[in-house]
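One structure is given below, encoded as C-alpha cells.
Read the figures in this text as sums done on the coordinates, not as results from a lab. The structure presented is a predicted model; accordingly, all values stated were derived computationally and were not measured. Heads up, the Cβs are rebuilt from the backbone with ideal geometry, glycines too, and the neighbour counts pull from every protein chain shown.
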Amino acid sequence: MTARVLSSRAAVVAGGALLALSPLTAQAAQATPPTQNASSPQAARTAPAPAPAVAAKGATLVDGASGKTLFGKEADTARPIASTAKIMAASVVLDTKGVDLERQVPVKQEYRDYVTQHSSSTADLQTGDKLTVRQLLYATLLPSGADAAYGIADTFGTGATSAERTKSFIAQMNTKAGELGLSHTTFDSFDGGGNDSSTPTELTKLARHAMANDTFRTIVKTKQYKGEAPAANGRTRYYTWNNTNQLLGSYDGVIGIKTGTTTPAGDCLVFAATRGDKTLVGTVLNSKDRYADAAKLLDYGFGADTAKNMKLRTLPANTQRD
C-alpha cells in the first residue's frame, strides 16, 4: 500500500516522562508555498522530500521529543507485535517504585522448558544460576530471551504459583498500557509469543516512554553484553548476549530499540536514532525488509540520503534471530 504522511499531531505519554530532547524541525514536512513557482531553483530547494515507500504493512515515525508524527502507514491499525512486547515487560519492571536491579533471581528449570515448548529465542539461562534483575533485562532485550522474560514475570508478578505470578505480570503490562493511553494495545504473554497486538503509533509511544529511563536506554543501545553469575555448583557462570537489532552499528546514530519476529507478526522493529539535537523514534510491523524500512524512515526524518548505502552489521554466529 502506498505510504502516506499523516497530519502532524502531538502525542503525550500519560504517567511517564518523555525524552527530553529538542524538537525535530519541520523542514522535511513543509510544503512549497503556493505563491512560489514550483519549477524555480528556489522551489526545488524547499520542496518537501517525497515520503518513502516501505515494505512494512504498518509503520510510523515521530519526533522523539514532541511526539509529532512525521510519517505514517496504517499507523493506527492493530497488528501482532511479536517480541517488541518485551519493551512493555521491561517498562513494568523499571517503572516499579524502588525496584532493586541488583536483586538476585534463581533460574528455574521451567524457564528453560518454556523456551523448548514454544521454540522461543533464548538467553540460554542455566538452571540454578542466580542472575540480577538488571542482567535479566539485558537477557530479555538483547538476545530476546523468553527464558529471561519468564524470570522477570515470575519475579514481579504476584501469586502462589508461577502460573499465577506470570498471569499477574501480564495484567500489569495491560494496566501500564492503559496508564499510557494505549487503547489499542493488548498483551496476553510476557514475551510476545501470544496474541499480543498494538499499532505502530502506540508502540512508538511506548518506546518513547521506555527511552525516558536511563537503564533502558543503556541496555538497548548495547551491541554485546558480557557478565557473570553465581552458578548452581558454586562456581561462576559467564554469559555473553548479542543484540538481535542489526540496525545498531549499521545506520549512523541508532540508539535502539527492539526486534520481534513470529509467523503471524512477520518481522517487526521498534527503533530510535539521534543525530545532532534530533531524536527520531519509529516502528515497522510485518515488514519484508525491516532494517531497510527503518533506514528509509530515518533518512526521511533527518533529511539524509544514507539508507541506500547502509551495510548491515554482521552478527556473531551464535546470535539469536528475532
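Here are some notes:
- Net charge contributed by nearby residues that have their C-beta within less than 12 Å of residue 116 (K/R +1, D/E -1): -3
- In Hz, Karplus ³J(HN,Hα) per residue of the stretch 282-289 (6.51, -1.76, 1.60; θ = phi - 60°; x = Gly, Pro): x, 9, 10, 10, 6, 10, 7, 8
- Summary of packing: across the peptides 202-212, 97-107, the per-residue average of other C-beta atoms within 10 Å ranks them, highest first, as 202-212, 97-107.
- Proximity of backbone amide H atoms, modeled 1.01 Å from N, is registered between residue 71 and 6, 61 at under 5 Å, excluding neighbours fewer than 5 places apart on the same chain.
- Take 309-320, 238-249, 52-63 and order them by the average number of nearby Cβ atoms within 10 Å per residue, most first; the result is 52-63, 238-249, 309-320.
- Per-peptide average of other Cβ atoms within 10 Å, ordering 251-258, 161-168 highest first: 251-258, 161-168
- Euclidean distance of C-alpha centroids, the stretch 165-219 and the stretch 53-83, integer Å: 16
- Listed pairs 68/296; 68/97; 223/288; 176/296; 221/308; 86/226 exceeding 27 Å between Cα atoms: 68/97; 176/296
- For the stretch 46-309, the calculated P(r), taken from all Cα-Cα distances in 5 Å bins from zero up to the bin holding the longest distance, is 1, 6, 14, 19, 20, 16, 11, 7, 4, 2, 1, 0, 0, 0 percent.
- For the chain, calculated [θ]222 nm from helices alone, where every DSSP H run of n ≥ 4 adds -39500 (n - 2.57): -8500 deg cm²/dmol
- Magnitude of the charge dipole, the chain, Cβ model with Lys/Arg +1 and Asp/Glu -1, debye to 20: 600
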